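The values are calculated or read from the model by the stated rules, or taken from the named source; none is laboratory data. Just so it is clear, the model here is predicted, and its values are computed rather than measured. Virtual Cβ from ideal backbone geometry, glycine too; neighbours counted across all protein chains shown. Each accessible area value is taken on the protein alone, full model and side chains, heavy atoms only, with ligands, DNA and RNA left out. Shrake-Rupley method; radii C 1.70, N 1.55, O 1.52, S 1.80 Å.
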Amino acid sequence: MKIIRGLCRFFVWLCMLFIVAMMLLMVAEVLRRAIFNKAILGSTEWAQVLLCCTMSAFGAAVLTNRMTKVDIVTSRLKPKAQVLLDIVMLLLSAAAIGALAWAQGAYALKVYQQHVFYTNIGLPQWPFVAVFAMSYGVAAIATLAVMIRKIVSAAKGEWEKEVKLGDADPIFAFGKHGMSSWKPNDLPQEKKPE
């Protein structure tokens with residue numbers, strides 16, 4: 001799990017780097033258009049590349065329980081049913097994310113072999129597609145790791161703890177020492193109307 005957390009942190013930093021680069025590019029584009037009445041050549045392609053690469057933090061989103069989850073119905077289920085449903089959904093999510101990673105990896109190999117370049121910026125496409133594929137591969141592995149943690153907790157009968165924690169990885173989400181004395185009741189509870 002340490003390796004998965006480390007890879008997810010790497011992709012988070014990479015994502016932040018891409019976001020900063022995209023913001024600086026857009027500011028430079030606006031200033032150049034306003035001052036010189038000219039666009040930066042290839043700025044649209046750069047923006048597309050950088051925007052695509054911001055998806056590299058998907059694994060961290062999985063580990064911090066930031067995926068979209070509609071629990072209107074499932075929150076009314078018993079903890080055991082919620083955890084079992086989470087395990088099934090995590091398995092399906094890992095399969096879908098893994099399929100996307102595989103397809104993007106195959107596409108990265110294809111554009112590498114065909115020497116496909118971006119038209120205006122003159123860079124090869126394969127490194128950016130490969131980053132996307134690798135980050136999704138890490139996200140699929142992170143999803144499987146969370147699913148395995150849920151299965152182990154279910155085998156131990158820790159249903160309540162898993163329901164309160166959700167799909168988050170406590171070390172990645174709260175830090176190494178942030179949850180050292182964690183108990184299931186330590187998480188914020190929903191306030192009930194009085």
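If you go through region 1-8 one residue at a time, do you hit one that is at pLDDT 85 or above and under 15 Å from the mean Cα position of the chain (by Cα)? Checked region 1-8: no residue is at pLDDT 85 or above and under 15 Å from the mean Cα position of the chain (by Cα).
The set of residues in region 123-165 being over 24 Å from the mean Cα position of the chain (by Cα) and closer than 22 Å to C15 by Cα consists of L123, P124.
So how many residues does region 54-83 have that are of a type in the set (V, I, T) and in a helix (DSSP H, G or I)? Explain how you work it out, then say what you get.
Of all residues in region 54-83, those of a type in the set (V, I, T) come to 54, 62, 64, 68, 70, 72-74, 83.
Subset that is in a helix (DSSP H, G or I): 54, 62, 74, 83.
Count: 4.
Every test in (1) open to solvent by less than 60 Å² (accessible area, probe 1.4 Å); (2) at pLDDT 85 or above; (3) at positive phi is passed by N37 save one, and that test is (1).
Looking only at region 94-153, count every residue that is out of contact with any Pro (no Cβ under 9 Å at 6 or more places or on another chain) and on the phi > 0 side of the Ramachandran plot and tell me the total. The number of residues fulfilling the criteria is 1. Restricting the search to region 1-20, which residues are of a type in the set (A, V, I, L, M), closer than 10 Å to T54 by Cβ and in contact with a Leu (Cβ under 9 Å, 6 or more places away or on another chain)? Across region 1-20, the qualifying residue is only I19. For L51, the test of being part of a helix (DSSP H, G or I), of a type in the set (A, V, I, L, M, F, W, C), exposed (fewer than 13 other Cβ atoms within 10 Å of the Cβ) and in contact with a helix residue (DSSP H, G or I) (Cβ under 7 Å, 6 or more places away or on another chain) is passed. Being closer than 18 Å to I121 by Cα and assigned to a helix (DSSP H, G or I) is the filter here; which residues of region 28-44 pass it? Within region 28-44, A28, E29, R32, S43, T44 meet the criteria.
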